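Novice: The structure's right below; bear with me while I get my questions together.
The values are calculated or read from the model by the stated rules, or taken from the named source; none is laboratory data. Here the structure is a predicted model, which means the values were calculated and not measured. As a convention, Cβ positions derive from the backbone with ideal geometry for all residues, glycine included, and neighbour counts pool all protein chains shown.
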Amino acid sequence: MSFRAALVLALPLLGYGCGGGFPPSELKPRIVIDRASATVSTVVRDSHLGLVKELRDCRGAILAVSSRSAHLARDGKVTASTDIGRSGEIVDARCDLSWIGVDRTSIIAKTAGGEPREKTYAGRQYLGPSVAFHAPEWRLAFLVGREKIQILSAESLTGVAQVKGPFGGRLAGGQLSNGSGEEIAVLTESGTIEILSADGAVLAQRSVGAPSFTVTKREGGQEHLLLEDEGRLGLFDSGLQIRLDVAIPVAGDIPAMHVVSAAEFGRNGATLGVLMKGRGGWHRTVLLVFREQEALRAEVLDGDYLVIAPDYLTHDANSFLVGGRNVILRYSLH
């Protein structure tokens, strides 16, 4: 994929040094760009949180989801928790601490206060990446091998639709259109991004190669698909029309760096926050903040951070949340 040229902010990179457990010198923790200073504070720190991969607004509280557990936090403290209690991974949870998850061959769901229910969907085939979405109802989309996407109701565990592949093993979901439903983004084996409706219909296609991608988080507005490829970030709508194209000001040319989370916040969603990760053994995360075409902040964080979100607690247009291992941080821009 080649985005339209817009902004060149590339930093000189002096070699990679990318041993599995040794981060390259370019990923030394530091602030690279500081056009907007930031105050960083701790929203909640608790050893039970695990590595937070999802944050959700719960009206005065925040839901933090990791692979094995989900926690409701209020006033700086974890007030309620649930966990999967077995092999497998929680894909999504709700504010009442109901959740839906997967293991290698089965879907597991737990209602608030109920017992986990399980349904085998893949037989001997491996259940691949999964994504949950909430409109028109709570649904789960997951890959069965790489041959098809199965969409089912998270409430009843009954199938809604199937979409035949082959697919390339990546999924993301969110409210990409202005309608009442949500959509799924999937990469095919041929290097095409497809936008699917909650019922599995193909809404848009675009040839992109093999990028990393995610769907932005946004309060009360249309979300977008963020693609990373060849050192650039592109923001796309549900029709896969480009809305923003910027160069990655750090780590864009380091092998294995990929987008893990993005959020739009500020007035009219004009500020974009992005988290990028490299190899697991590096334990480094790159935080990028853009306002329109300008890079306001680029920072290499020491540790693993998997989710960035609007500030669901204060709703301040100049702050955002970042979830990492056993911690949720607040960045307030000045």
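Novice: Going by the conditions given, is G181 assigned to a strand (DSSP E or B), at pLDDT below 90, surrounded by 16 or more Cβ atoms within 10 Å (Cβ to Cβ) and of a type outside the set (A, V, I, L, M)?
Specialist: When the stated conditions are applied, G181 does not pass them.
Novice: Moving on. Which condition does V131 not pass, out of (1) of a type outside the set (K, R); (2) in contact with a strand residue (DSSP E or B) (Cβ under 7 Å, 6 or more places away or on another chain); (3) closer than 24 Å to D83 by Cα; (4) surrounded by fewer than 21 Cβ atoms within 10 Å (Cβ to Cβ), if it passes all the others?
Specialist: The one condition V131 does not meet is (4).
Novice: Only one of L97, L55, L63 is of a type outside the set (K, R), in contact with a strand residue (DSSP E or B) (Cβ under 9 Å, 6 or more places away or on another chain) and not in a strand (DSSP E or B); which?
Specialist: Numbers: L55 fails: not in a strand (DSSP E or B); L63 fails: not in a strand (DSSP E or B).
On inspection, the qualifying residue turns out to be L97.
Novice: Of the residues L313, L287, L321, which single one is more than 17 Å from the chain's Cα centre (by Cα) and either at pLDDT 90 or above or assigned by TED's automatic domain parsing to the domain that holds H71 (or both)?
Specialist: Only one candidate qualifies: L313.
Novice: Which condition number does V8 fail, the rest of (1) in contact with a strand residue (DSSP E or B) (Cβ under 6 Å, 6 or more places away or on another chain); (2) at pLDDT below 95; (3) surrounded by 15 or more Cβ atoms within 10 Å (Cβ to Cβ); (4) assigned to a loop (DSSP other than H, G, I, E, B) being met?
Specialist: (3)
Novice: Only residues that are closer than 15 Å to R291 by Cα, in a strand (DSSP E or B) and not β-branched (V, I, T): list them for segment 233-263, please.
Specialist: Once the filter is applied, which keeps residues that are closer than 15 Å to R291 by Cα, in a strand (DSSP E or B) and not β-branched (V, I, T), segment 233-263 yields L233, G234, L235, R243, L244, D245, A247, A262, A263.
Novice: Looking at G231, G221, can you tell me which residue is within 30 Å of R74 (Cα to Cα) and among the small types (G, A, S)?
Specialist: Unique residue meeting the criteria: G221.
Novice: Moving on to the next point. Assess whether R330 counts as being at pLDDT 95 or above, closer than 29 Å to R45 by Cβ and surrounded by fewer than 21 Cβ atoms within 10 Å (Cβ to Cβ).
Specialist: It is true that R330 is at pLDDT 95 or above, closer than 29 Å to R45 by Cβ and surrounded by fewer than 21 Cβ atoms within 10 Å (Cβ to Cβ).
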